[in-house]
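I have placed the structure first, in the form of structure tokens, so that the comments after it can refer back to it.
The values are calculated or read from the model by the stated rules, or taken from the named source; none is laboratory data. Predicted model only: the values in this text are computed from it and were never measured. Every residue, glycine among them, receives a Cβ derived from its backbone with ideal geometry; neighbour counts consider all protein chains shown. Note: accessible area is taken over every heavy atom of the protein model, side chains too, but ligands, DNA and RNA are not part of it. Shrake-Rupley method; radii C 1.70, N 1.55, O 1.52, S 1.80 Å.
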Amino acid sequence: MSNEALDAFINFAYLIAAIFFIVGLKGLTHPRTAVRGNYLGGTGMLIAVVATLLHRDIVDPKLIFAGIAIGAVIGGVLAVKIDMKVVPQLVATFNGFGGIASVFVAGAEAVRDTESEVVATQTLVALVASGIIGAVTFWGSLVAIGKFSELDFLDRLKFPVGQWLNAFLALLLLLPAAWCINGTQPVMAYWLVVLVASILGVSLVVRIGGADMPVVVALLNSLSGLAAAATGFVLQNNILIITGALVGASGLILTQIMCRAMNRTLVSVLFTSFGTDGSSSQDDA
Amino acid sequence: MEILVIGLTIFALASFVGFEVITKIPATLHTPLMSGSNAISGIILTGAVIAAGSEKSTTATVLGFIAVILATVNVVGGFFVTHRMLAMFRKKD
């Protein structure tokens, strides 16, 4: 098959996979169709991964099969054997893994691209977005696992400067981000972006109370979708963009629904300790 | 540039589908839905497969390989644990 025909075939398979994901998600919202919805999602994933193996950039699939085998054993054993009481931690773990995988995929693409050619600005913007969102998802999920497990030291980590630290870190993030998008040394700048975003991920979640963690994990799930979509813009890969947007948007709606079920608003969950740590005394400033 | 516009188009449309697909959900399905959509966000596995399979640079291949493992844990673990949750509800009914 010619490269064009192959690309068309892969993209067609991606369309089928996307339909499976949409119908699967829809199924998961009704008690009667939930099990089938989960199967449909799994089938969509199988189609997407098999189609990707035909990608023209793939030289030797041996390493891929080895990685999939290792990951499948770890994931399968964890999911089947683990005590149902620690399922929240498990879901947060899986979610974090997805987030950090986005960071690595975008990082790999940065190395690959910048060695051979000048990279377009929009690709670098997408790269920075993948790094930020993926790293925040990973570290946020790790802190959420600790909160679920009631690790007390995390509560002592609430820094006195509180919300101001988050604002500072977000501003600090602009420096390596601009450096990366500027394009002179994008790979090194990218890992700096990831480093600062990692600290931000910890400091954002560490101040949220343990009772709100289910909502936080739902939000982080939405973010891991957005990280995948951003990576899709780096790789110019349709299934990543479609599925990432799908999970990002549906995850956000689910987060809101879960907030409402707990009589909370998303803003109150995220910024609840604002004002309780002395920072509100600057109202007049 | 045209590729970027196509990408943004499908991103926007897929986001709307994502917003619309979630409507009324019984509270018992909140966690399974979150877990199921988390498994679907393991779609980054396709990106990891491309990164691990192309042999332009050793660093990229190593990063891709690690990403394949992590994303597969996300996908396989996610779908299995969702199935277990749903099976648990069924027993209760």
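For the pair A:TRP164 and A:GLN256, a Förster radius of 22 Å applied to the C-beta separation gives a FRET efficiency near 0.25, rounded to the nearest 0.05. Calculate the length of the line joining the C-alpha centroid of the stretch A:200-221 to that of the stretch A:1-77, in whole Å. Answer, in whole Å: 29.
Placing dummy labels 7 Å off each Cα toward the beta-carbon, the span from A:LEU195 to A:SER268 is 4.0 nm. Restricting attention to the protein assembly as shown, lysine pairs at least eight places apart or on different chains and with alpha-carbon atoms under 17 angstrom apart total 6.
As a test of the formula, what do you get for chain A when each DSSP H run with n ≥ 4 contributes -39,500 (n - 2.57) and the sum is divided by the residue count, at 222 nm and rounded to the nearest 500 deg cm²/dmol? -26000 deg cm²/dmol, from helical runs alone.
If R0 is 45 Å, the Cβ-Cβ spacing of A:SER149 and A:ASN3 corresponds to a FRET efficiency of close to 0.35. Helix A:213-235 and the longest principal axis of the Cα set of chain A meet at an angle near 40°.
Between chain B and chain A, roughly 7200 Å² of accessible surface gets buried, counting both sides and using a 1.4 Å probe. Peptide A:247-259 has a mean shielding of 6, counted as Cβ atoms of other protein chains within 10 Å of each residue's Cβ.
Remark: mean inter-chain Cβ contacts per residue of A:14-26 equal 3, using a 10 Å Cβ-Cβ cutoff to other protein chain atoms. Since only A:THR29, A:VAL187, A:ALA108 are under comparison, the one whose Cα sits farthest along the positive direction of the charge dipole of the protein assembly as shown, derived from C-beta charges on Lys, Arg, Asp and Glu, is A:THR29. Rounded to the nearest 20, the Cβ-based charge dipole of chain A about its Cα centre (Lys and Arg +1, Asp and Glu -1) stands at 880 debye. Working note: Cα atoms of chain A, range along each principal axis, descending, whole Å: 68, 54, 30. Surface composition of chain B: carbon and sulfur atoms hold 71% of the protein heavy-atom accessible area at a 1.4 Å probe.
Accessible area per residue (1.4 Å probe, heavy atoms of protein chains only) ranks A:LYS81, A:LYS147 as A:LYS81, A:LYS147, with the largest value leading.
Label-to-label distance for A:LEU53 and B:PHE16 is 3.6 nm, based on points extended 7 Å past Cα in the beta-carbon direction.
GNM remark for chain A: springs join alpha carbons under 10 Å apart, and the peak mean-square fluctuation among A:ASP212, A:ASP57, A:ASP113 falls on A:ASP57.
Largest to smallest in accessible area, the residues B:HIS30, A:HIS55, A:HIS30 fall in the order A:HIS30, A:HIS55, B:HIS30 (1.4 Å probe, all protein chains included).
Surface analysis of chain A yields an accessible area of 44 Å² per residue, using protein heavy atoms and a 1.4 Å probe.
Largest GNM mean-square fluctuation among A:VAL77, A:VAL196, A:VAL105, using chain A with Cα springs under 10 Å: A:VAL77. In chain A, the longest principal axis of the Cα atoms and the axis of helix A:3-28 are about 40 degrees apart. With the convex hull constructed from alpha-carbon coordinates only, chain B shows a mean projected area of 8.0 nm² over all directions. Principal-axis analysis of the Cα atoms of chain A puts helix A:62-81 at an angle of about 50° to the longest axis.
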